[in-house]
């Protein structure tokens, strides 16, 4: 069911159906953009940034190897409201770049395109607005099925001639960066207002991405259409290469300006840009990568001693951490060796160890060790609030312990000295 059809139903009816689980076939909790748009239409919160993590559902043929599941975890990030043109798009691309750079699951590329440009290209070959989405859905299968299958679908299902399909293919198979935009802006068949506006917007986006330092991982891909009909402008998608199994895109999104208007009783426009990340697909890629430490429990730091003894000193520091809201633990053995304590951290997936001993006691410092990276810095607890703040910042609350912790440790070392 399209967003236009959705708009004919009262928001109260939609909410009741969602709560009672009576959503129509194929739509039940498929994604969260429509519920988010309904919230914007009903509450009008003004400018808004939001993130969300939770389960979504698809009518898929399950396949664990390529991460096609009927229920999976998805993370969303959206920016709603009127902002500088291409600013929210640039921020979303930067968010994807930062996440995949820090996870280090393999080389990645972020593809971008624009629905308005694709509409102008498709219109050159006899397609009309009511057929755009079907043609976009066919084009979106190019990487998966190849051009031959896409051409057959365009000819047989959408009435395009073989000649027109080939000419369309010559354009949409192009990939590149700002140099491709320079070619498109002077293309004789793309001088219409909509096409020129989309090309200028893409040029502005690439200039922002260059300033943000992420343009090296961004590629203009004219075959990128995204298989949802509510996108109205720039769209983007991220893929990670080098995996044994083909999991496809791991993130995607774009601008969907008209979705709120379709659901608003007065048709009020509410510009939105957002992205979704397939968490389950990242977990599959992580399992294929080099072994990483998964945090098995909720403990953030273990209080350890460098020599035998120091039971009372460990207890004092442990109580101090507890009082400050940090999830800390210690081995209650009277004289555990440092090796035993560090091995205990590894076994239970605790990312950090706060180490005290005779040297630390004499100099008034505490050692903070990253278990996965085997890297240690010395922190001065003479300023307890600062020490506890730094510890809380170092206590990773995400899936993986990675190089970010090391970078923070190095920064702390510089700050404390």
Given the structure, is residue 209 assigned by TED's automatic domain parsing to the domain that holds residue 91, in contact with a helix residue (DSSP H, G or I) (Cβ under 8 Å, 6 or more places away or on another chain), over 30 Å from residue 289 (Cα atoms) and crowded, with 21+ Cβ neighbours inside 10 Å? no
Return the pair list, or none, for Cβ contacts closer than 8 Å from residues in region 329-341 that are outside the structural domain of residue 355 (by TED's automatic domain parsing) and touching a residue at least 24 places away in the same chain (Cβ under 8 Å) to residues that are surrounded by 12 or more Cβ atoms within 10 Å (Cβ to Cβ) and part of a loop (DSSP other than H, G, I, E, B), at least 6 apart or on different chains. none
Looking only at region 54-83, and only at residues there that are in contact with a helix residue (DSSP H, G or I) (Cβ under 7 Å, 6 or more places away or on another chain) and more than 23 Å from residue 262 (Cα to Cα), the one that is modelled with the highest pLDDT: 75
State which residue is farthest from residue 174 (Cα to Cα) when the search covers only region 123-153 and only residues that are outside any helix (DSSP H, G or I) and over 29 Å from the mean Cα position of the chain (by Cα). 128
Might you check whether a residue that is out of contact with any helix residue (DSSP H, G or I) (no Cβ under 7 Å at 6 or more places or on another chain), in a loop (DSSP other than H, G, I, E, B), farther than 24 Å from residue 279 by Cβ and assigned by TED's automatic domain parsing to the domain that holds residue 250 occurs anywhere in region 95-117? no
Which ones in region 162-202 are touching a residue at least 24 places away in the same chain (Cβ under 8 Å), in a loop (DSSP other than H, G, I, E, B) and within 24 Å of residue 131 (Cα to Cα)? 173, 174, 189, 190, 192
Picking from 225, 238, which residue would you name as being assigned by TED's automatic domain parsing to the domain that holds residue 147, surrounded by 17 or more Cβ atoms within 10 Å (Cβ to Cβ), touching a strand residue (DSSP E or B) at 6+ places or on another chain (Cβ under 8 Å) and assigned to a loop (DSSP other than H, G, I, E, B)? 225
If we only count helices (runs of 4 or more DSSP H) wholly inside region 275-379, which ones have 1 or more residues that are in contact with a strand residue (DSSP E or B) (Cβ under 7 Å, 6 or more places away or on another chain) and within 30 Å of residue 248 (Cβ to Cβ)? 279-288
Being at positive phi and either loosely packed, with under 15 Cβ neighbours inside 10 Å or in contact with a strand residue (DSSP E or B) (Cβ under 7 Å, 6 or more places away or on another chain) (or both) is true for just one of 146, 177. Which residue is that? 146
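The values are calculated or read from the model by the stated rules, or taken from the named source; none is laboratory data. What you see is a predicted model, and the numbers here were worked out from it, not measured in a lab. Virtual Cβ from ideal backbone geometry, glycine too; neighbours counted across all protein chains shown.
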